[in-house]
Amino acid sequence: MKMVGGFLKDVVKNKVFLLMVLPGALWFLFFSYIPMFGTVIAFKEYRFSRDGFWASIVNSDWVGFDNFKFLFSTNDAYIITRNTLLYNIAFIVLGLVLSVVMAVVLSELVNKKLAKVYQTGMFLPYFLSWVIVGYFAFSFLSSQRGMLNQVFAYFGWEPVQWYSDPKFWPYILILVILWKAVGYNSVVYLASIMGIDKSLYEAAMIDGANKWQQIRSITIPMLSPIITIMTLLAVGKIFYADFGLFYQVPRDSGTLYSVTNVIDTYVYRGLKTTGEIGMSTAAGLYQSLVGFILVITSNAIVRKYNKDGALF
Amino acid sequence: MILAKKKQRDFHQLSTPWNVVFNLFAGIFAFLCVFPFLFVVIISLTDEGTLAREGYRLIPSEWSFEAYKYVFQTGDTLLRSYGVTIFVTVVGTIISLLFIAFYSYAISRKSFKYRNFFSFFAFFTMLFNGGLVPTYIVVTQLLGLKDTIWSLILPLAVNAFYIMILRTFYSTSVPDAIIESGKIDGAGEFGTFIRLVLPLSLPGLATIALFSTLGYWNDWFNALLYIDNPNLVPLQSMLMRIETNLQFILQNSQNSSLGLEALRNMPQDTSRMAMVVLATGPIIFAYPFFQRYFIQGLTVGAVKE
Amino acid sequence: MSRKRKSFSLVLTTLLATTLVVSACGSKADNGTNTAGSGGEGASNEPTAELIWYTIGVPQKDLALVNEEINKYTKEKINATVDIKMIDFGDYTQKMQVMAASGEPMDIMFTASWAFDYVQNARKGAFMEIDELLEKHGQGIKETLDPAFLEGSKVDGHNYGVPANKELPAQEVWRFNDELVKKYNLDIKSVRSMESLEPLLKTIKENEPDVTPLALVKDFMPLMPFDYVIEKLPMAVYLDTKDYKVVNLFETPELKSALDTMRKFYQAGYISPEVATTTSVEDLYKSGKWFTDRASTQPLAENLWSASYGYPVTTTPAGDAYTFNWSVMGSMQAISANSEHPEKAMEFLNLLNTDPVLRNMVDSGIEGTHYEKIGDNKMKNLPDAKNYDMPTFSLGNLLITYLNENDPDNKWELFKEFNESGIDAPLLGFNFDATKVSKEIAAVQNVKEEYWSSLMTGTVDPATYIAKANEKFKAAGLDTVIAEVQSQLDAWRAANNK
């Protein structure tokens, strides 16, 4: 009874905040939490029932962890896990460095008009679908008509069969994703820099700090909370790969699979013929779980050092 | 005002050599980003036959407006799609900014007892989702949104990623002291939020508004799932349908009847590129509207006084 | 301050209200359809049944207009109306999967071996079994269709869909750019096997440096005498098999010799060096810079090809016409498992496949608006036809559609002859149930994607890669899959006296 009373008191005390989270919380309930019940399909052999989806779930047979097995059954499992993890780590680290550098550079440019033009330009790749990015990559890398091989021919170098030689692809893929994402991601950092209290810089000036010292001792530390959050969030997605990047850009070339096959492409190719939604749900659940464990762990570490920097 | 600007210049300016280096760095990267897009424009203006003969060329031997003529043939369909996209983008961005701004402010405040719970409540949805079919059922059967414009707006209204970013913006760019000062002035939590916090978080809010604008503008998947009515098809979805149709038909070209019948009316390379230009063009002009908040920053003094 | 607070609560209340209203609307709409549905079912044939029909193709501008005309006609004929909903080719499979899984109300839907997979979804329970309905309301269908269609599209002994009456067997032909054939006076009639093609390719390669002699895409596969259990997976029986033994394609001499030839062609430069990643050679067709390729044919296909490329294309057979499972299931209409009006749906399908008026209205639109008749069964497109251009083959019986003005009068006779010429493939009517080995199939499929294109197009050396691929297939569990296929096949043979 007392607990209930205490709870009610808390609710009243926090009522403004609770009202503020209410619309969002309802949204999460409808669009995220209710659909989450569907995840049980991962443990079922899904068959349609004429009374709709939930009836189908109830009527389908339990199969335990069978739906997960295809992810681990061959030695491809090692390759796809390695590729997914390594590429994501590379994207997180390089993407972070480049985006922050770009944001600092843009914020420091003397001519703001130019800064705006640059920034608008950097955003354009975000609008091109992977299919179209794939065309461009091809117009550079095609062995017959590609620009790179034409340049090579001009210098008298041997042409390269780009789409059948795996050794270049880790670099190509990382370049492409950076090219596509840096403009978008740097906005977050740029906005954070703009939110920094200008009086901090004034004070630093009075102390005789030069530009570099200001960047090092004011801009970067003030950016660290957002950097932490962005990194934590990216860690949660570390088992997911951008399907379009790994499928469209290498033109689904079989000889490149050793460096381009990731969990998402493996699942897509594997389930193309059978279309078992149980198995694709299982794959998604596995990706989420690993991400979840990693975030919880890294969040705990962050919390230990800086309580406010953590996600929750 | 002039004085403030001048003063800002003094302590906030880069030395000329470094300015040149920075300009080169940002400029070259920006060029690399713009270049493919220019290429898209060029291809869309290339003569179809020339493209088949010569492949992609920076300066094609024959130019043509055929592709745009082809796209505009559909006339009102294209215009209606623009209408749908613009409506969804504007209304969606407003709704989503409201939802996200309130939610993230609440969980950024240390005095909110349940902040950790609600942070986690949001964050958890970033990792786990129920998948396509259950979401589809909620939208169509529980909420009954199938074939309505709301099925393009509501599913994208809230996003935990944005909430987490905006929460961080609030807590870094709005010092606690300001909120305390608001309290002392006798403003309630809500008054403090509107009068003191919002103006200080404009760069953050603009970022979220921009992201959500782009999200709505680029979305085609919700239309694929929920829209049957051809009058409610947004622009990106139109573009995407052309792309996926083409890929699908090419993949199944060994099927004789499909190959013979379906391929004959497929738009060509040039018209697809023209679609990309038409679908991206307008949003580029909307961009500067947000940009001023995170390129120039705020005239902080004005807010504080 | 208090005013501010009030306005804030107002905002929230409004937001909440919106959400509530929206959801309320939703449930109301839901109830609406439910009552309508049950009403139709309850009172036998008095109220008009409203059928929902999902079919494949680019949505057409004038669909609503034509739909209205169709309904006038069907209401009178069978007291039913249809609501035609078209979904684009590329989206069809995904959207239908989601809708079927969520129990969306629908009555009729398009299905095929290549879109919203017929066998798979029949097994999962998406379609209603129609054996009895066909007997009761589908006599017209049974009369018009070549029996091989209904026999070949049985899944585990039952019919789940109505195949469209169209070309039944599949036959591969070599297509030639006739301008080049004439220019070098080449004898194409002597061509049939890959090897017999070589002298011609050689001539072209030597004289026309800009032309791709053999225009292939990554999906290409040399013609071999097999009937595959699953398309493009290396398990098959020989076309002339007597014992129905399932063989591993990678252990057959046929594959070895076919790939040796491909490799030879590739190294001689007859094939584009980038063939293993090429998805389309449309640009070659458009510019005429190709000499030959292989394609599935149907009667009069040469005319269609020539018309669409703008220069003459000739063909010569590359193999015999065989009736495969997938060619039988090239285009079907099924009744949804959750249909409220299965009987009316079957009546409608029966009418669609037998009644030329309805069939042509669905296909070509309204007479006088989209087309005009220029003979008993001939028509001519009017300018507005571009607003109603449907994929004819997907909408039922092809053989009762009006001929176009350029078609020869005996077009449909040619189709009938072609259909009769088809030889039944050994696995016709057998559909493998992959449920028990879905894990292995997923792995095998990945191995296939890795090696298939580069091997089949001659891009890599078969001497080493056949063994390499085979080893990986075995590691992925191909033998387990083959054993499962064999046991199901043996059971099927016993049940069907094959």
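The table below gives the values:
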quantity: Unit charges at the beta carbon, dipole of segment C:399-452: most positive-side option, C:Leu427, C:Leu414, C:Ala443; calculated: C:Ala443
quantity: Of B:Ala52, A:Phe70, A:Met194, farthest towards positive along the dipole that unit charges on Lys, Arg, Asp, Glu beta carbons give the protein assembly as shown; calculated: A:Met194
quantity: Spatially proximal lysines relative to C:Lys205 (Cα-Cα < 29 Å; intrachain offsets below 8 disregarded); calculated: C:Lys182, C:Lys183, C:Lys189, C:Lys218, C:Lys256, C:Lys264, C:Lys286, C:Lys289
quantity: Residue mean of other protein chain beta carbons inside 10 Å, B:179-192; calculated: 3
quantity: Number of partner chain Cβ atoms within 10 Å, mean per residue of B:240-247; calculated: 6
quantity: Residue order, fewest to most beta carbons within 10 Å, for C:Glu104, B:Glu48, C:Glu420; calculated: C:Glu420, B:Glu48, C:Glu104
quantity: Unit Cα scatterers, Debye sum, segment B:75-266: log10 I(q)/I(0) for q = 0.09, 0.11, 0.16, 0.19 Å⁻¹; calculated: -0.47, -0.64, -1.05, -1.25
quantity: Unit charges on C-beta of K, R, D, E only; dipole of segment A:32-106, Debye; calculated: 80
quantity: Set of lysines near C:Lys380 by C-alpha distance (under 24 Å), chain-local residues within fewer than 8 positions excluded; calculated: C:Lys61, C:Lys72, C:Lys166, C:Lys411, C:Lys416
quantity: Rg ratio (alpha-carbon, reference 2.2 N^0.38 Å) - chain A; calculated: 1.27
quantity: Farthest toward positive dipole pole in chain C [+1 Lys/Arg, -1 Asp/Glu at C-beta], among C:Tyr73, C:Ile84, C:Val98; calculated: C:Val98
quantity: Cβ charges +1 (Lys, Arg) and -1 (Asp, Glu), total dipole of the protein assembly as shown, debye; calculated: 6200
quantity: Residues whose placed amide H lies under 5 Å from that of C:Glu274, excluding near-sequence neighbours; calculated: none
quantity: All aspartates and glutamates inside 14 Å of A:Lys180 as judged from Cα atoms, apart from same-chain residues fewer than 8 positions distant; calculated: A:Asp242
quantity: Restraint check, A:Lys112/A:Lys237; A:Lys116/A:Lys167; A:Lys237/A:Lys307, Cα-Cα greater than 32 Å; calculated: A:Lys112/A:Lys237; A:Lys116/A:Lys167
quantity: 17 Å cut-off, amide nitrogen to a point 7 angstrom out along C:Glu231 Cα→Cβ, residues in segment C:289-327; calculated: C:294-298, C:322-327
quantity: Within chain C: Cβ-based charge dipole about Cα centre, in debye rounded to nearest 20 (Lys, Arg +1; Asp, Glu -1); calculated: 1720
quantity: Nitroxide proxy distance, nm - points 7 Å out along Cα→Cβ at B:Ile94 and B:Gln73; calculated: 3.8
quantity: Cα centroid separation - segment B:68-89 against segment B:167-195, whole Å; calculated: 44
quantity: Derived scalar couplings ³J(HN,Hα) [segment B:82-98; Karplus, 6.51 cos²θ - 1.76 cosθ + 1.60; whole Hz; x for Gly, Pro]; calculated: 4, x, 4, 4, 5, 4, 4, 5, 5, 4, x, 5, 5, 4, 6, 5, 4
quantity: Distant-in-sequence amide H partners of C:Met224 (H built 1.01 Å from N, under 5 Å); calculated: none
quantity: Of all DSSP beta bridges in the protein assembly as shown, antiparallel share, percent nearest 5; calculated: 65
quantity: Hz values of 3J(HN,Hα) by residue in segment C:305-311 - Karplus curve (6.51, -1.76, 1.60), Gly and Pro given as x; calculated: 4, 4, 5, 7, 8, x, 8
quantity: Ascending count of other beta-carbon atoms within 10 Å, so fewest first, for B:Arg80, A:Arg269, B:Arg195; calculated: B:Arg195, B:Arg80, A:Arg269
quantity: Chain C - percent relative contact order, Cα under 8 Å, separation 6 or more; calculated: 23
quantity: Calculated P(r) of the protein assembly as shown - Cα pairs past 49 Å, %; calculated: 31
quantity: Distance histogram for segment A:78-169 (every C-alpha pair counted, 10 angstrom bins, percent rounded to whole numbers); calculated: 13, 25, 32, 26, 4
quantity: Gap separating the Cα centres of segment B:129-156 and segment C:427-451, nearest whole Å; calculated: 33
quantity: Spatial separation of Cα centroids for segment A:43-83 and segment A:260-312, in angstrom; calculated: 16
quantity: Packing-based exposure ordering (other Cβ within 10 Å, fewest first) of A:Thr255, A:Thr81; calculated: A:Thr81, A:Thr255
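Quick note: the coordinates plus some simple rules give every number you see, no bench work behind them. Being a predicted model, the structure only gives us computed values, none of them experimental. Neighbour counts are summed over all protein chains in view; Cβ atoms, including those assigned to glycine, are modelled from backbone coordinates with ideal geometry.
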